[in-house]
Amino acid sequence: MVIAGPSPGSGEIAGSIARGLGADVIVAESKTFPDGESYVRVPQSLEGEEAVVVQTLSPPQDTSVIQAMLLADAVLGAGARKATLVAPYLAYSRQDRRFLDGEPVSVAVVLRALHSAGYSALYTVEVHKEASLAHFPGEARSISPYEYMARRVKVEGDLLVLAPDLGAVGRAERLAKALGASYDYLVKHRDRVTGEIVIEPKTIPAEGKTVILVDDIISTGGTLAKATKLLYQQGAREVYALVAHALLAGNALERLEEAGLRKLYAGNTLPKREHPLLEYVDLGPLIAEVLSSG
């Protein structure tokens, strides 16, 4: 039984996952009390069922996390024999270590809390660092979407796949293999205090190429915009981007448009935005396939 959580973006992908599983969908009821506290309710019995709660941890992330925790207790209280969480976007995953003294490992806190709430299994799409899932005491899996998305992008030409930094080169390699393309990476540094991004000069074989920039998350668009401009300076014919999660905070889309990006392909792990630059790929069938095989 698939339970569609109330966080923005959860309903559509929950429906897609349910169709892939041949399962029924129950839409969780929710409201916010006058003091700001969250309320959820599963409106029917789940006696003996395995409950698959689909709750993407989209902004406002704190509310989404709390709702996910409440839903674990709700489905078990409604008689489910097991609670599995599908969080297509896992909030707090980028704070996966103590970058500065005195910081928490935020993803570890969230994962332990979700398990303590009652989830024995967790599935997500392209977590920032797969090693982070070791903090979840139960079964946990990150689903790579790039090969699946590669079959659905409409990009032609002499292709070059680029990662924004060395840490993401595995993503570039997987996408490049699926597309039959070459791949490389940029050299990126982020100031841990200010968040400012610097891309070091590096010669990329971009002359005459159609370049696809691939990453797990696009937030403000700063990295992709800088990379796009750099690639055009190095002779790229066209520049596209493909990401698992499109947060698109602030004026990210306008920044990418101004940089000359031709198209941004994104998984539907977060609420959709309407913009000519954007094209979404439904990852529900992929998630359903992994759930079925798992």
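From Cα pairs below 8 angstrom and at least 6 apart in sequence, can you work out the relative contact order of the chain, rounded to a whole percent?
About 15 percent, as a whole number.
At what distance in nm do the modelled label points of Asp62 and Glu254 sit from each other, each positioned 7 Å from its Cα along Cα→Cβ?
Here the modelled spin labels are 2.8 nm apart.
Sort Phe99, Phe33 so the one with the fewest other Cβ atoms within 10 Å of its own Cβ comes first. Please list the in-between numbers first.
Details: Phe99 12, Phe33 8.
Arranged by neighbour count, lowest to highest, Phe99, Phe33 become Phe33, Phe99.
Under the definition of Cα pairs under 8 Å and six or more residues apart, what whole-number percent is the relative contact order of the stretch 68-172?
Values: 129 pairs, mean separation 24.5, N = 105.
Relative contact order, the stretch 68-172: 23 percent.
What are the ³J(HN,Hα) values, in whole Hz, obtained from phi via the Karplus relation 6.51 cos²θ - 1.76 cosθ + 1.60 with θ = phi - 60°, for each residue of the stretch 159-166 in sequence order, with x given for Gly and Pro?
With coefficients 6.51, -1.76 and 1.60, one gets 8, 10, 9, 10, 8, x, 7, 4 Hz.
For the stretch 204-228 and the stretch 155-178, write down the distance between their C-alpha centroids in whole Å.
Using only Cα atoms, the two centres lie 10 Å from each other.
May I ask for the angle, rounded to the nearest 10°, between helix 222-233 and the longest principal axis of the chain, with both axes built from Cα atoms and the value confined to 0 to 90°?
30 degrees
Which of the peptides 217-223, 265-271 is most tightly packed, and how do the rest follow, going by the mean number of other Cβ atoms within 10 Å of each residue? Walk me through the numbers before you get to the answer.
Details: 217-223: 20.4, 265-271: 23.6.
The densest-packed peptide leads the list: 265-271, 217-223.
For a quick check: sort Glu289, Glu274 by the number of other beta carbons within 10 angstrom, fewest at the front.
Details: Glu289 15, Glu274 5.
Least to most surrounded, the residues fall as Glu274, Glu289.
Restricting the count to DSSP beta bridges whose residues both fall in the chain, what percent are antiparallel, rounded to a multiple of 5? If you can, show how the numbers build up before the last one.
Working: 7 of 50 bridges.
The answer is about 15 percent antiparallel.
What ³J(HN,Hα) values, in whole Hz, does the Karplus curve 6.51 cos²θ - 1.76 cosθ + 1.60 give for the stretch 114-124 when θ = phi - 60°, with x put for Gly and Pro?
Per residue, the Karplus-derived 3J(HN,Hα) values read 5, 5, 4, 5, x, 7, 9, 9, 9, 10, 9 Hz.
Taking the chain as a Gaussian network, where each spring joins two C-alpha atoms under 10 Å apart, which residue of Val125, Val54, Val281 fluctuates the most?
Val281
Please get the size of the charge dipole for the chain, origin at its Cα centre, with Cβ charges of +1 on Lys and Arg and -1 on Asp and Glu, quoted in debye to the nearest 20.
Working: 30 positive and 36 negative charges, 94 e Å.
Dipole of the chain, to the nearest 20 debye: 460 debye.
Checking the cross-link filter: which aspartates and glutamates have an alpha carbon closer than 13 Å to that of Lys209, excluding same-chain neighbours under 8 positions apart?
Output for Lys209: Glu156, Asp158, Asp184, Glu238.
List the GluC sites (Glu not before Pro) within the stretch 37-131 that fall in a DSSP loop (any state other than H, G, I, E or B) and whose Cβ has at most 16 other Cβ atoms within 10 Å.
Numbers: sites: Glu37, Glu47, Glu49, Glu50, Glu126, Glu130; in loops: Glu37, Glu47, Glu49, Glu126.
In loop regions of the stretch 37-131 (DSSP not H, G, I, E or B), the sparsely surrounded GluC sites (Glu not before Pro) are Glu37, Glu47.
How large is the charge dipole for the stretch 198-266, taken about the Cα centre, if only the Cβ atoms of Lys, Arg (+1) and Asp, Glu (-1) carry charge, to the nearest 20 debye? Kindly include the intermediate steps, with their values, before the conclusion.
Numbers: 8 positive and 8 negative charges, 32 e Å.
Magnitude of the dipole: close to 160 debye.
All of the numbers you see were taken from the coordinates with simple rules; none came from a lab. A quick note: this is a predicted structure, and the numbers were derived from the prediction, not measured. Note that each Cβ is placed from the backbone with ideal geometry, even for glycine, and that neighbours are counted across all protein chains shown.
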